[in-house]
Amino acid sequence: MAYTFGAATGDDITWVGTNTAFATNRLTLVCGWWYPTTLTATRGLWSFGNVAGAEIDTTTSELRLRTDNTTDGQWTTTGVGLTTNTWTFLAFMASCNNTGPAAAWRVWTATIDTFPTEVTVTSAVAPVGNFTGSTSFTVGNKGTGTVAFQGDIGEVVIYQSGSVSGILSPFNFATFGTITQAEADWALAEFVVPAFRGDVFSKRANNVSGANIEPGYWSGAPDSQVMRHTYNTTTDIAPIAPTVSGATVTANHPPVVARHAPLHLATVRR
């Protein structure tokens, strides 16, 4: 199922994670399904804190991405092609580094009839000053703002990583603040496509011992908790209940229904 946002401009759903996203030396991946009924510039799809995240751009079929800095970094997309009354799968990958400062984004889009495809991301305003991170994640708005998304949202998963130690990094990347094409292709294959297919807790994350990664998954179902797991310790993080403000349950639902827990298969001797 999903929730409807936008009856009031302050509608949102929020929860607080363990790791800080969009700070220096952080890589964050957000995947989910959005169904806009109206496309209005500045309306927020999601955010960490009040600034960093994604919103409808002035070209309302496209998106504007932001990071929180002294002068906030801004990027725009070409090729997302949002349309009203259509479920669209979106995946956003961002990597931040105070040295520079430097940030990189990758964005993929899909529908029920199309496979996740990377779109063009172009810098609009270069970030100035250090990155300000947040543990507070908002669905359907920009933090405590009054720019609620207009439409339905369901099935959102977040991956965060602070590790860049070769094989111990499930994202298999080398440097914060940049994302090479090979690294983007890896993320597409190992995280984005599985999330698109409903495998929200990627097997790649499950299979990397010692990796610093924290997935959090919200199903969009009524009273659903955020399922969270960490793979840098031997203990999973307890599920938490998100705070729902104004958003209402709808029978509308995204085309793909995700598994609500990671799949662990027993080892069988043959």
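The label point for residue 172 and the one for residue 122, both projected 7 Å from the Cα toward the Cβ, are 3.1 nm apart.
With viscosity set to 1.002 mPa s at 20 °C, what whole-number translational diffusion coefficient in µm²/s follows for region 45-186 from Stokes-Einstein and a Kirkwood radius over Cα pairs? Please list the in-between numbers first.
On the way: Rh = 15.8 Å.
For the chosen part, D equals 135 µm²/s.
Using a Förster distance of 22 Å, how high is the FRET efficiency between residue 257 and residue 8, based on the Cβ-Cβ distance and rounded to 0.05? FRET efficiency, residue 257 to residue 8: 0.20.
With 0.36 nm allotted per residue and the present C-alpha distance subtracted, the residue 185-residue 130 stretch has 17.0 nm of extension available. Using a Förster radius of 35 Å, what is the FRET efficiency between residue 61 and residue 248 based on their Cβ-Cβ separation? Nearest 0.05, please. Once the sixth-power term is evaluated, E becomes 0.85. Summary of packing: across the peptides 243-256, 57-70, the per-residue average of other C-beta atoms within 10 Å ranks them, highest first, as 57-70, 243-256. Once you place label points 7 Å from the Cα toward the Cβ at residue 72 and residue 238, how far apart are they in nm? Once both label points are built, they end up 3.4 nm from each other.
Just how far, in whole angstrom, is region 44-107 from region 126-157 if you go by their alpha carbon centroids? A separation of 9 Å, based on Cα centres.
Rule-based calculations on the coordinates, nothing more; no lab input. Note that the structure is predicted; figures quoted are calculated from it, not measured. Every residue, glycine as well, gets a Cβ built from its backbone with ideal geometry; the counts of neighbours run over all protein chains shown.
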